[in-house]
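Visitor: This structure is in structure tokens; I'll ask about it shortly.
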Amino acid sequence: MSASHSLAPTPEHLKKLTTEELKQRLAGAPEEAVQWIQALAEQGVAEAQVLLGQAYLDGHGLAPDPKQARIWFRKAAEAGDLMGMNMLGRAYDQGWGGLVDHACAAYWFRMAANQGLDWGMYNYANLLLHGQGVEKDEAVAFDWYQQAASLGHAKSLGVVGRFFEEGWLGTQDKEQAFEFYRRSADAGDFRGQYNYALMLEERGNPAQAAEWMRKALDGAHLAFSRTMAINLQQHPHASLRQVAREALLKCARQGDVNDMYTYARAMLAQPDMASISLGRQWLQQAAAQGHAQAQRELAVNLRLS
């Protein structure tokens, strides 16, 4: 990297910058890329303001600062940027950089939804479904989910599938549920992939179900990975019980000491010596990090050995 690449951009730099050069700058090291994003944001470029807000939220190239994230999301939202509106709604919904205010979240989600943003539709529908910041209205929520789904929004496709599977509006339709889960899974949503896998197994396709369940596990965050492990541990089909153990291992690696202990116990309950040996290793790790029950179990094993 040349010395000039590390210089903070000036208005003169920005005026001369081609689109291709800007892409190269933004694809560089986070600390450098965020300088260019900030320069553009301060010039009033709404898309950059959203990116800068996200950088502050994630600590990408600078110190995390949720308050600054909310400030920049607001600038973009008030400039008319739809994703800025959605992200400001998320800030109010999640309490990023200030108090939770579901009514304000609903206002900004609705603004983005009314102007055609699929994420705005999805987030506004979530508030309607749960009655947060707005009066609970499942039918209107379903309409917004369907609108987002018609645009190919992966998560909305999965929620529409849940409506049909559970009959939340009084009409249960397993075939419609299966189709919406399939489309959600193909679009990359891990919840859609999970539900699609379950329906595939119900239809006698365990190998395909396990394949989709692993895709779901790859994309799932820690909380959902824990849910998958719990739900699949006692599944009648062995291939999905194996995915449960893989989910437990993922949680043990990414989670806390309780996840380590849970995985250790699952492995110790297996009939083969390789799994039992692995379980002992994880039990020792949990004990070394202060898990009281793991320490007691190790102490008992030492006395019995």
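Visitor: Which of rounded, prolate or oblate describes the stretch 82-209 when judged by the alpha-carbon gyration tensor and an a/c cut-off of 1.5? Before the final figure, lay out each step's value.
Guide: Numbers: a/c = 2.33, a/b = 1.93, b/c = 1.20.
It comes out prolate by the Cα gyration axes.
Visitor: With a ≥ b ≥ c the root eigenvalues of the C-alpha gyration tensor of the stretch 135-201, is it rounded (a/c under 1.5), prolate (a/b larger than b/c) or oblate?
Guide: It comes out oblate by the Cα gyration axes.
Visitor: A further question follows. Could you tell me the distance between the Cα centroids of the stretch 241-265 and the stretch 91-123, to the nearest Å?
Guide: Each part reduced to its Cα centre gives a spacing of 34 Å.
Visitor: How much length is gained on full extension from ASP65 to GLU135, taking 0.36 nm per residue of separation minus their Cα-Cα distance?
Guide: The ASP65-GLU135 span can extend by a further 22.0 nm.
Visitor: Can you check what the net charge comes to around ALA46, using other residues whose Cβ is under 13 Å from the Cβ of ALA46 (Lys, Arg +1; Asp, Glu -1)?
Guide: Taking every Cβ under 13 Å from that of ALA46, the sum is -2.
Visitor: Mind listing the phi-derived Karplus ³J(HN,Hα) values for the stretch 101-110, rounded to whole Hz, using 6.51, -1.76 and 1.60 with θ = phi - 60°, and x for any glycine or proline?
Guide: Karplus values, whole Hz, x for Gly and Pro: 8, 5, 5, 5, 4, 4, 4, 6, 4, 5.
Visitor: So what is the calculated 222 nm ellipticity per residue for the chain, using -39500 (n - 2.57) for each DSSP H run with n of 4 or more, over all residues, to the nearest 500 deg cm²/dmol?
Guide: Theoretical 222 nm ellipticity from helices: -23500 deg cm²/dmol.
Visitor: Here is a follow-up. Computed from these coordinates, which is Cα extents along the principal axes in Å: (1) 49, 41, 39; (2) 77, 45, 43; (3) 74, 57, 37?
Guide: (3)
Visitor: To the nearest 10 degrees, how steep is helix 222-232 against the longest Cα principal axis of the chain, on a 0 to 90 scale?
Guide: 30 degrees
Visitor: Relative to the longest principal axis of the C-alpha atoms of the chain, give the angle of the C-alpha long axis of helix 154-166, reported between 0 and 90° and rounded to the nearest 10°.
Guide: 50 degrees
Visitor: Over the alpha-carbon set of the stretch 200-305, work out the extent along each principal axis and list the three values in angstrom, largest first.
Guide: Computed over the Cα atoms, the extents are 50, 28, 17 Å.
Visitor: On to the next question. Assign one of three labels to the stretch 256-305, namely rounded, prolate or oblate, based on the Cα gyration tensor with a ≥ b ≥ c the square roots of its eigenvalues; rounded applies when a/c is under 1.5, prolate when it is not and a/b is larger than b/c, and oblate otherwise.
Guide: Here the stretch 256-305 falls in the oblate category.
Visitor: Can you give the extra length, in nm with one decimal, that the chain gains between SER239 and LEU26 once fully stretched, where that is 0.36 nm per residue apart less the Cα-Cα distance? Intermediate results must be reported in sequence, preceding the final value.
Guide: Numbers: separation 213, 0.36 × 213 = 76.68 nm, distance 4.31 nm.
Contour length minus Cα-Cα distance gives 72.4 nm.
Visitor: By count of other Cβ within 10 Å, fewest leading, how are MET213, MET83, MET273 ordered?
Guide: Arranged by neighbour count, lowest to highest, MET213, MET83, MET273 become MET273, MET83, MET213.
Every number here is computed from the coordinates shown, using simple stated rules; none is lab data. Note that the coordinates shown come from a computational prediction; the quantities given were computed from them, not determined experimentally. Counting neighbours? That spans all protein chains shown, and the Cβs are built from the backbone with ideal geometry, glycine included.
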